[in-house]
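The values are calculated or read from the model by the stated rules, or taken from the named source; none is laboratory data. If you're wondering where the values come from, they're calculated on a predicted model, not measured in any experiment. Heads up, the Cβs are rebuilt from the backbone with ideal geometry, glycines too, and the neighbour counts pull from every protein chain shown.
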Amino acid sequence: MSILYDEAQQAIASESRRVLDARSDPSRLLTLLERTGAFDETFWRTAVEQGWMALALPEAYGGLGLGLVELGLVAQAIGAATAGAPFLTTNYGAAQILLASGNAALQARWLPLLASGEAVGTVAFAEGTAPLPPGPECVIAGERLSGRKRGVTAGLRADFAVVWCRDQDRPALALVELDVASRQAIDSFDNSRLYADLIFADAPATPLLEGDAAPAVALDVLVRMAVVTAHEQVGGAEALMFIARDYANTRKAFGQPIGAFQSVKHRIAELYTLIEIARANCIHAASREGQADFIAAAAAARLSATEAYDAAARDAVQIHGGIGVTWESGLHLHMRRARSLAIEQGNMLFWEDLLVDELVKAAA
Amino acid sequence: MSDLDAYRLKARDWLQSVAPTFGKNALKGMPEREHLAMGRRYQRAKFDAGFAGINWDPEFGGQGLTPLHKMIFEQEEMTFGMPMGYFGVSLGISVPVVMRFAQNREWAKERVLAALKGDEIWCQLFSEPSGGSDLAGVRTKAESDGNGWKLNGQKLWTTYAQHADYGVIIARNDPTVPKHKGLTFFWVDMHALGVTVRPIKLAAGDDHVNEVFFDDVKLTDAQRLSPVGGGFATAMATLMIERYSASDPAGFGPSIGAFVDLAREVEINGRPAIEDGRVRSAIARSHAMRSGLEAITLRAMRMMEAGMEPGPEGSLNKLVSVRSRQKLSELAIDLMGNLGLAWDRQASGKDDWVASWLSAPTGRIAGGADEMLLNTIAEKILGLPQDHRPDKGIPFNQIPA
C-alpha cells in the first residue's frame, strides 16, 4: 500500500531540507570535485548531529528504530543538496547485513559506532561490470579474504566493508576491516563519493553468512539500498527541475521569459511527470519492505528515479543555455551525481533484468 | 477489513455475477445496435443493484457514497469489458451538470433518473471545427430572441451524439466581448428540429464521434445552465464535478502482463523474445512507469480517504499512459512480425495490440491533447508563464480568423 506521510515523517522531510539548505555551499562542493579522497566534513557533522546515521538502526544499538520511509526522506533532502559524502546509504547497507547476519559480537561492536557516526561502513558487492555477480571472484578461506573489488562507494573512508565473496563454491558475505594498504583511490567525476578499489591479499576477515542465505541477504540489502538511493535521485531531480523552472521564469529572450516558449515549458513539464512517477514509486517501495513484491517495487523506483534524474540533468542544463555548462553554475554537480548514483547500487541494465525476472515469475 | 475493501469485494462479486451476460466474451462480435441495447440493459442492472450514481445525491437516484467508492467500482469494472462506453460522457460529464445547474429541478430529477437507468443518453457539445483545445474560441451562435434563444453552428468530435437524447452545449451569445466572456451554457434536445448528427468514421474504423449541425434550433431560456456570458466558468466547473474517476495506468490499452505473455510466446532468432535485452528493457521501463502511475492513484485514494485533497500529480496519468501504450503497441506488433499484420475489427483496444495501436492517437487527442496537458502542468502546477496569446483581451469578432 502506498502510504501517506504522517506528521513526524513530514517533519523529518522539512527539517532535513532546512538544515541542508542552511549549511550547504556549492563552492565547497565544487572544490571537492577536484580533490580525490576528500568529502564535505560540514555535511558529515550535520548528518551525525541530526541523528541521520542512527535513523534506521534499532534502538538497542543507539538507533532511532525508524525505517526506509524516514531514511528515504532524508536521502531525498541529501539528493537535493548534492551533499558531499555517501555515508547515509553505505552505512545503512552495512548495518542491514550485520543485522541479518545474526552475529551478536559484530553487531555490538559496529552498530553503535555506525549510529553515532564514529564509524563508516560500506558494502562491496560488485565485480567487473556486474553489480552482484552470481560467482564472485573474491574468495574467503577460513578467516582470510583475497580478491579485488573495484569502485567501492565510500571505500576511501570506510572503516570496514561487507564483501560479497565465496567460500570454495558457496556464496558468502564477510566483514573486513579496511586499512591503508587495502585501498586505491579512484580519481572520479564525482570525487566526494570516495570511490576506491579494494584489494585483499589474505586480509583478515570475519565470515558473516554463507550458502543460500548469503545471496538472499545480499540481494535484499542491495534492494534496500537502491530504495534509499532512488529517493536521493528524486531529491536531486526535483531540485534541478525547480532550478530550471526558476530560471525559465526569470531569463528573458525575444521579449518574454523563456518559460513562455513551449519548447522550454514542455521540457520542464515532462520532468515533472518523470519525477512524480519516480516519487510515487519510491514512496510505494519504501512501504513494501519485507513484502513479496518488494524487489519489483524497488526496481520500479530505481529505474524511474534514474530516468528522472538523468533527464533532469540533461534538460536543466539545456534550458540554462551557455550558463548551464559553466563550472561555476554548479549544475554539473547534479549532472555528475545523476550518473554516479545511477551506477552505485547497480546500473539500469541490472535493474531492468531483475524486474523482468520478477514479472515473469509473477506471470508463470 | 475496511469499509472500502468490503465495498470492493461486493462490487467484484456483483460484476462477476453479471459478466456471463455483459462481459467481453458474451458481447464479442455483436453488432452495434445490439451492443448498445446490451449497454442499456447493463446500465439498468447497475442501477437496480445500487452501482449507478454511486457518489450522487440519493434524491437524484444516487447512492450517496463517496467519490472513492465510485473509483473503486470503476477500477473493478474496467477489467470486465462491460458495454459501459455509451454512458461515459453522459454520466461522467453532462448529467452531473444538469443535476447541478438545471433551472427546473423536477425536470432535472426525471432526466438524471432516466440517464442512470440507461434509458436516456446525454452528449457534450464542446469542440468545433475551428477549435478543440481552444474551447473559448467556439463559434456556434446562441442569439436571444426575447423569450428564448436560437442556436446556429456546428460542433465536432461529439462522442455518441448519434445515440444521444440530450446534450449540454456551449455557444457564443456575444461576439463583441473578449472570447471567454461571450459564452453561455445550455442543454439541448438532440431530437429537436434543426439538429443534424453525422457520424465520423475514425482511423481505427469505428464511428463513435460525430459532427453535429444546429440550424435555427430553438431553445427556451429555461434551457440555460449558466448566467448569460458566464458559460466558460460553468464549463470549467463542470470539468471539476466528476474529476475523480478511475484511471488506467495501461492507458486503456493491454496490460504489461499481456506484453510479458506475448514476449514469452514469440521468438527472436530462435530464442524466446523475453530473453532479448531490447524487449526486457521495454518491459522494465513500461512497468516502472505504470507502477508509478498506479502508486500515484493509490496515494490519491488514501488522501481522499483521509479527507484530504489529492495532489496535482493525478493529472499526468492520461498524458503519460496513453503515449506509453502507443509505443508498447508498436513494439508488440513488431514482435509478432508478419503475424502482426492481421486486423480484427471487433477486437478491443484493451486486449488487442493492433486495436490498441490504431486507436492510441485518438487517446492522445481526446479529452485534452498531450500539448494542452503539458501546458496545464507547466502553468497550473509549476507556475510557468502562459503561452503568447494574441487573442487575449480582444473582442471575439476582431480576432483574425
Could you tell me which of the residues B:Leu193, B:Leu239, B:Leu202 is hydrophobic (A, V, I, L, M, F, W, C) and in a helix (DSSP H, G or I)? B:Leu239
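Rundown of residues vs (1) over 27 Å from B:Ala288 (Cα atoms); (2) of a type in the set (Phe, Trp, Tyr); (3) in contact (Cβ under 8 Å) with a residue 12 or more places away in the chain, yes/no style:
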residue	(1), (2), (3)
A:Asn191	yes, no, yes
A:Ala196	yes, no, yes
A:Val217	no, no, yes
A:Ala230	no, no, yes
A:Val234	no, no, yes
A:Leu240	no, no, yes
A:Asn249	yes, no, no
A:Phe254	yes, yes, no
A:Ile258	yes, no, yes
Which count do you get for residues in the stretch A:121-149 that are charged (D, E, K, R) and surrounded by 15 or more Cβ atoms within 10 Å (Cβ to Cβ)? 4
Within the stretch B:81-112, residues being surrounded by fewer than 20 Cβ atoms within 10 Å (Cβ to Cβ) and either outside any helix (DSSP H, G or I) or not assigned by TED's automatic domain parsing to the domain that holds B:Val18 (or both) number 4
When residues of the stretch A:108-139 are limited to those that are part of a loop (DSSP other than H, G, I, E, B) and charged (D, E, K, R), the one nearest to the chain's Cα centre (by Cα): A:Glu118
When residues of the stretch B:344-387 are limited to those that are without any contact (Cβ under 8 Å) to a residue 12 or more places away in the chain and more than 14 Å from chain A (Cβ to nearest Cβ), the one farthest from the chain's Cα centre (by Cα): B:Asp344
Let me confirm something: among A:Leu209, A:Leu274, which residue is under 29 Å from A:Thr90 (Cα atoms), facing another protein chain (nearest Cβ under 10 Å) and among the aliphatic types (A, V, I, L, M)? A:Leu274
Looking at the stretch A:1-37, which of its residues are in contact with a Ser or Thr (Cβ under 7 Å, 6 or more places away or on another chain) and part of a loop (DSSP other than H, G, I, E, B)? A:Met1, A:Ser2, A:Ile3
When you look at A:Phe294, is it touching a strand residue (DSSP E or B) at 6+ places or on another chain (Cβ under 9 Å), within 13 Å of chain B (Cβ to nearest Cβ), under 27 Å from A:Ala154 (Cα atoms) and in contact (Cβ under 8 Å) with a residue 60 or more places away in the chain, yes or no? no
In the list A:Arg279, A:Arg251, which residue meets the criterion of being within 10 Å of chain B (Cβ to nearest Cβ) and of a type outside the set (S, T, N, Q)? A:Arg279
B:Ser315 - would you say it is in contact (Cβ under 8 Å) with a residue 12 or more places away in the chain and more than 12 Å from chain A (Cβ to nearest Cβ)? no
Residue check for A:Ala260: within 13 Å of chain B (Cβ to nearest Cβ), buried (at least 18 other Cβ atoms within 10 Å of the Cβ) and over 18 Å from A:Gly79 (Cα atoms): yes
Given the conditions (1) closer than 22 Å to B:Lys70 by Cβ; (2) touching a residue at least 12 places away in the same chain (Cβ under 8 Å); (3) within 14 Å of chain A (Cβ to nearest Cβ); (4) surrounded by fewer than 23 Cβ atoms within 10 Å (Cβ to Cβ), and given that B:Ser286 satisfies all but one, which numbered condition is not satisfied? (1)
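Yes or no, residue by residue, for (1) outside the structural domain of A:Met348 (by TED's automatic domain parsing); (2) touching a helix residue (DSSP H, G or I) at 6+ places or on another chain (Cβ under 8 Å):
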residue: A:Asp179; (1), (2): yes, no
residue: A:Arg183; (1), (2): yes, no
residue: A:Asp187; (1), (2): yes, no
residue: A:Asp202; (1), (2): yes, no
residue: A:Val223; (1), (2): no, yes
residue: A:Gly235; (1), (2): no, yes
residue: A:Met241; (1), (2): no, yes
residue: A:Asn249; (1), (2): no, yes
residue: A:Gly255; (1), (2): no, no
Of all residues in the stretch A:289-331, which are aromatic (Phe, Trp, Tyr), part of a helix (DSSP H, G or I) and either in contact with a Cys (Cβ under 9 Å, 6 or more places away or on another chain) or surrounded by fewer than 17 Cβ atoms within 10 Å (Cβ to Cβ) (or both)? none
